[in-house]
Amino acid sequence: MTWIFENWDRFWEVTEVHLRLSVVPVLIGFLLSIPLGWLASRSATARAILFPLANILFTIPSIALIVITPVLIGVKILDEINVIVPLTIYTIALMVRSVADALSAVPGHVTAAANAMGFRPLRRFLTVDFPLALPVTIAGLRVATVSNISMVSVGALVGLGGYGQLFTEGYQTDNPAKVFAGLIGTVVLAVLADGLLLVLGRVLTPWARAGR
Amino acid sequence: MIEFRAVTKRFEDGTIAVDELDLTVEAGTITVFVGPSGCGKTTSLRMVNRMIDPTSGTILVDGKDVLSVDPPTLRRGIGYVIQQAGLFPHRTVLDNVATVPLLSGWDRRKARARAAELLEIVGLDPAFGKRYPAQLSGGQQQRVGVARALAADPPVLLMDEPFSAVDPVVREGLQDELLRLQAELDKTIVFVTHDIDEALKLGERVAVFQTGGHLAQYAKPAELLSAPANDFVASFVGRDRGYRTLTFLHADVPVHPVTTAKLGQRVTVTDWTLVVDDQDRPRGWLSGVDGEIEVSERDLIAGGSLYDGSTLRGALDAALSSPSALGVMVDDNGAVVGVVKADDVIKALAKARAAGEVPK
Ligand SMILES: Nc1ncnc2c1ncn2[C@@H]1O[C@H](COP(=O)(O)OP(=O)(O)OP(=O)(O)O)[C@@H](O)[C@H]1O
Ligand SMILES: [Mg+2]
């Protein structure tokens, strides 16, 4: 703990990087998984391709993906893109299924009623299907966010910032306090992000607790 | 007015759900589609608002071919109510009801004001407006479903088994409410049910569908009962159809006086005596007892159904269900008027038949 207060500027700096490297992929991945999840909820073919693909992607070790990414997209090894792209892929792999399941779980009589009222498809998706899918989607988003926050540290192995740097440096200089500081940072960040999403979910879906 | 002209629906798997349907639903009436499960009622209904398109044939709503209108536009002009109400769980009751006005471009305040008005029309406390559908009973949800369908004041209302998921008592209340509403609103309503009693009660005309999507008979309720077109209709309308015919007869039955006693009164009871409360409303029966007694709640024998003076069916049922075989007739306030007897009902039926009032 004392390490954190004595090195507050440094700690804050890696916290910022860590936050950026984990939140940006969650946001991009989340946005991309909505249309993909919608596709999977609508078409059996899309499901048959997307779900196994998501599973395979998820089993690739993150370090491998981070090392391979620059080779595949041709950027410098130290660029933050090299963490953002793989983590975005992980987020999509996690979220596609949540979004698809959530959309499929919208009761048929509700969507039928929406059609019968005269909703056009896009409006129905934005104002009926998607809001009803939110509770399950946000649950998936919480898992993806927490797992991203823990995975960002791997980026340090290829020299990128974040709490991972505290781990590698602490290990090399035999300074457990530094490692411990990174650990605390990761846990606190994960708990805060998770709590924030939980609250956000409750605010956005007051109806989900109605009638219980 | 809704016209089906030689409408056939064959699904991709070859199922013929509706077979050459020719039928006209008159404007301002309730027409009921009734028939066993899978006979094509829902399919027929959904072809009106293009949730399903026919394989061949034409459907006209107020003279206009529905296929010439783009589905969302068409649907905003046709109310639709389904079995589970299909309410949006994530919207308040008020916003559910305001759905179609909002889709049609009304501003939010006007749409909400209209929605509040409709809650009242369908008999719901406006305070329910702030609740979510999950916080309502099944019967209340159905009322909201009806209010939502009526919100943009569409001339046509399609109702697919709207009351079948609620208990019989609530269902009866909703049916009465629909009849009351219709007397005011004068919509063109197509109502789907598989309950023949519901069909006969609500329908000004009833279309009986037969498995395979055939229209077996399209007639007024009394005619279905007295002159079923074929064995299928006869058996579907049921074995009690002679009894049901009485529902459509309003002939007079002689009303006899009855001995009454009030609770707490001291009486000698020699014959069947009807016990009433302070407002003359029936409480139960006393049969002969020895000597003088003070009438108390404990001595009462529960009574049967009450006859309100409307149909012969009500009169006969009151007589048949009464322990004294005397059917209690009450006025609008529930006060006892007198009693009716079963054989008088049978005589009234014979008289009505002789006068040609019973449809053949
Ligand atoms: N999408 C579909 N594809 C294939 N067959 C269908 C489809 N929808 C309905 N059917 C078939 O068409 C027939 C008529 O169905 P429909 O839903 O109109 O019956 P219904 O009279 O409303 O029955 P219920 O009283 O059970 O609601 C049934 O045999 C049904 O299996
Ligand atoms: Mg049906």
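The values are calculated or read from the model by the stated rules, or taken from the named source; none is laboratory data. Given the structure is predicted, the values throughout are model-derived calculations rather than measurements. With ideal geometry, Cβ positions are generated from the backbone for all residues, glycine too; neighbour counts draw on all protein chains shown. In case anyone asks, the SASA skips ligands and DNA or RNA and just uses the protein heavy atoms, side chains included. Shrake-Rupley method; radii C 1.70, N 1.55, O 1.52, S 1.80 Å.
A few notes on this one:
- Placing +1 on each Lys and Arg Cβ and -1 on each Asp and Glu Cβ, with no other charges, gives the protein assembly as shown a dipole about its Cα centre of roughly 1480 debye.
- Taking amide H as placed 1.01 Å from N in the peptide plane, B:GLN84 has no amide H partner under 5 Å among residues 5 or more places away or on another chain.
- Partner lysines whose Cα lies under 16 Å from the Cα of B:LYS351, excluding those fewer than 8 positions away in the same chain, are identified as B:LYS341, B:LYS360.
- Value of relative contact order over region B:232-360, rounded to a whole percent, pairs C-alpha under 8 Å and six or more apart: 23
- Local net charge near B:ASP70, Cβ-Cβ under 10 Å (Lys/Arg +1, Asp/Glu -1): +3
- Measuring max minus min along each principal axis, the C-alpha atoms of region B:260-352 give extents of 44, 27, 15 Å (largest first).
- Once B binds A, the 1.4 Å probe can no longer reach about 2000 Å² of accessible area, counting both sides.
- Equivalent ellipsoid dimensions for region A:7-203 as semi-axes, Å, which come from the Cα gyration tensor, largest first: 37, 19, 12
- Computed on region B:2-239, with alpha-carbon pairs under 8 angstrom and 6+ residues apart, the relative contact order is 28 percent.
- For the residues of B:78-89, the average number of beta carbons from a partner chain within 10 Å of their own beta carbon is 5.
- Helix B:108-121 and the longest principal axis of the C-alpha atoms of chain B enclose an angle of approximately 30°.
- Taking packing as the residue-averaged number of other Cβ atoms within 10 angstrom, the listed peptides B:156-162, A:66-72, B:287-293 run from highest to lowest as B:156-162, A:66-72, B:287-293.
- Average Cα contact separation per residue, chain A, under 8 Å, 6 or more apart, as relative contact order %: 27
- Net +/- balance of residues flanking A:LEU196 in space, Cβ distance below 12 Å, scoring K and R +1, D and E -1: +1
- Selection from A:ALA64, A:PHE11, A:MET1 lying farthest towards where the dipole of chain A points positive, charges on Cβ: A:ALA64
- Residue-normalised accessible area of the protein assembly as shown, expressed per residue, 1.4 Å probe, Å²: 47
- Pairwise centroid distance, computed over Cα atoms, of region A:108-163 with region B:154-173, Å: 37
- Residue-count net charge about A:SER41 - beta-carbon cut-off 15 Å; Lys, Arg +1, Asp, Glu -1: +2
- Annotated for region B:2-239: lysine pairs at least 8 residues apart or interchain, Cα distance under 22 Å, count 11.
- Alpha carbon centroid spacing (whole Å) that separates region A:1-54 from region B:306-335: 72
- The ellipsoid that matches the Cα gyration tensor of region B:134-211 has semi-axes, each √(5λ) in whole angstrom, of 19, 17, 12, with the longest given first.
- Think of each Lys and Arg Cβ as +1 and each Asp and Glu Cβ as -1; about the Cα centre, that makes the dipole of region B:96-218 roughly 680 debye.
- Cα-based radius of gyration of the protein assembly as shown once divided by 2.2 N^0.38 Å, which approximates compact folds: 1.41
- Taking the DSSP bridge list for chain B and keeping only pairs wholly inside it, about 55 percent are antiparallel.
- Rg/Rg_ref, region A:135-212, where Rg_ref = 2.2 N^0.38 Å and atoms are Cα: 1.45
- Burial ranking of peptide ranges B:114-127, B:252-265 (average Cβ count within 10 Å, highest at the top): B:114-127, B:252-265
- Per-peptide packing, taken as the mean over residues of other Cβ atoms within 10 Å, places B:314-320, B:330-336 in the sequence B:314-320, B:330-336 from highest down.
- Helical segments meeting 20 Å axial Cα length and Kyte-Doolittle 0.0 threshold in chain A (DSSP H): A:8-42, A:44-59, A:81-104, A:130-151, A:176-204
- Helix B:342-354 axis, angle to chain B major axis (alpha carbon atoms, nearest 10°): 50
- Cα-based radius of gyration for chain B, normalised by 2.2 N^0.38 Å, reads 1.19.
- GluC sites (Glu not before Pro) restricted to DSSP loop in region B:1-95 with at most 16 other C-beta within 10 Å: B:GLU12, B:GLU26
- Among B:PHE163, B:GLY77, B:THR29 - extreme Cα towards positive end, dipole of region B:2-239, charges at beta-carbon: B:GLY77
- Nearest-ten-degree value, helix B:168-185 long axis tilted from longest Cα axis of chain B: 60
- Given +1 at the Cβ of Lys and Arg, -1 at the Cβ of Asp and Glu and no other charges, the dipole of chain B around its Cα centre is 1040 debye to the nearest 20.
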